[in-house]
Amino acid sequence: MAQRRMLSKKVTDTDAFLDMPLSTQALYFHLNMHADDDGFVGNINTIKRMIGASTDDEKLLLAKQFLIPFEDSGVVVIKDWRIHNYIRKDTYNATMYSEERRKLGVSESGSYYVDEPSTERPRIVDDTATQVRLDKVSKGKSKVSEGKGSENTTDQPAGSLRNQLTDLVAVHGFADRLTPMQLNQLLEYVTEDGMEIGVLNLALQDASNRAIRNFKYVDAILRAKLNEGVKSVADWHAGKETHKQAVADEKVPDWMRELTDKLEGN
C-alpha cells in the first residue's frame with residue numbers, strides 16, 4: 001500500500017467542508033491518511049478513539065456526503081478519494097473490500113457514487129423512501145441563510161431540496177435525532193404545502209435554541225405555523241411582530257387606552 005496521501009483543495013476549500021467543526025475536519029484528514037489505496041476505511045471507530053473524535057463528527061461527514069457508508073460491514077469509503085489521490089500502478093494494492101467496491105461507480109469528476117440500489121445511500125434522507133412530485137416542488141423555496149431571507153426556487157429539482165434539508169438538519173444538531181421517514185415528512189411541508197424551506201430552517205433553529213431536538217416538537221411548530229397561514233420567512237417574522245403588538249396592547253390599562261383615544265379624537 002502506498003504510504004503517501006494527498007488532499008485536494010477542490011474539496012477542502014469548499015464552504016461545505018470549512019463550515020464543519022475543526023474536530024470533524026480533523027477526522028476527515030485522519031481517515032484520508034489511514035484509508036487503503038481505494039479510499040476504504042474499515043476501522044473508523046479506532047481512528048475516532050485515537051484522535052478523540054466523536055460519533056457526531058462521523059455523522060456530520062456522512063450527512064455532508066464526504067463519506068459513503070456500508071451498513072452491513074461497517075466500512076466507509078471517502079467519496080472524493082480519487083480527486084485527492086492518484087496511486088501509481090507499481091505501488092497500488094487493491095482494496096480488500098471488493099464486495100463494497102463493486103457497489104460503487106466513479107463519476108466524471110472522480111467522485112464515488114453508489115451504483116447498486118440495495119446499498120444504503122450516504123445521506124440521512126432515504127431517496128427511495130419517497131418520490132417527491134416535481135409539480136409540487138415549484139412551490140418550494142431555497143435555503144435561508146440564518147433564517148433571514150429566501151430565494152425563489154421555481155422548478156428546483158427535488159434532490160436539491162432534500163440536500164438543503166439534510167444540511168439544515170446537520171447544522172442545527174438533528175443529524176442523529178430524525179429518521180429518514182421523519183425527514184421526508186418535514187420535506188412535505190415544502191413540496192405538498194408550499195412552505196419555503198426557510199420556514200423549516202427557522203423551526204429547526206427554534207427547537208435547537210430551546211434544546212428540544214426531536215421530530216414532534218419541530219412538526220408541532222410547522223403545523224401551527226401552517227394553520228396560521230405562515231408559508232414564507234416574511235410571514236413568520238410578520239406573525240412575530242403581530243404577536244408582540246398584541247402582547248403590548250394587553251399591558252396597556254383601559255383608562256390609558258381611553259385617554260389616548262380621546263386625545264386622538266376617536
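Points to keep in mind about this one:
- Residues (in a loop (DSSP other than H, G, I, E, B) and either among the hydroxyl-bearing types (Ser, Thr, Tyr) or modelled with pLDDT of 85 or more (or both)) located in the stretch 178-210: Thr179, Glu192, Asp193, Gly194, Met195, Glu196
- Residues that are in a loop (DSSP other than H, G, I, E, B) and at pLDDT 90 or above within the stretch 104-129 comprise just one, Ser111.
- When residues in the stretch 71-102 are screened for being farther than 16 Å from Tyr28 by Cα and either at pLDDT 90 or above or surrounded by fewer than 19 Cβ atoms within 10 Å (Cβ to Cβ) (or both), 20 of them pass.
- Of all residues making up the stretch 13-55, the number that are of a type outside the set (D, E, K, R), in a loop (DSSP other than H, G, I, E, B), within 26 Å of Leu165 (Cα to Cα) and open to solvent by 60 Å² or more (accessible area, probe 1.4 Å): 1
- Looking across the stretch 211-221, just one residue is in a helix (DSSP H, G or I), open to solvent by 60 Å² or more (accessible area, probe 1.4 Å) and of a type outside the set (D, E, K, R), and that is Tyr217.
- Whether a residue is modelled with pLDDT of 85 or more and part of a helix (DSSP H, G or I) was assessed, and Ala224 passes this test.
- Residue in the stretch 132-155 that is modelled with pLDDT under 90, open to solvent by less than 80 Å² (accessible area, probe 1.4 Å) and over 30 Å from Gly194 (Cα atoms) present: no
- Subset of the stretch 58-69 that is open to solvent by 10 Å² or more (accessible area, probe 1.4 Å) and either without any contact (Cβ under 8 Å) to a residue 60 or more places away in the chain or not charged (D, E, K, R) (or both) - its residue that is nearest to Val114 (Cα to Cα): Pro69
- Failed condition for Thr95, given (1) within 11 Å of Gly39 (Cα to Cα); (2) touching a residue at least 60 places away in the same chain (Cβ under 8 Å); (3) more than 23 Å from the chain's Cα centre (by Cα): (2)
The values are calculated or read from the model by the stated rules, or taken from the named source; none is laboratory data. Not measured: the values here are computed from a predicted model. Here Cβ is always computed from backbone atoms with ideal geometry, including for glycine, and neighbour counts include all displayed protein chains. What goes into the accessible areas is simple: the full protein's heavy atoms, side chains included, and nothing from ligands, DNA or RNA. Shrake-Rupley method; radii C 1.70, N 1.55, O 1.52, S 1.80 Å.
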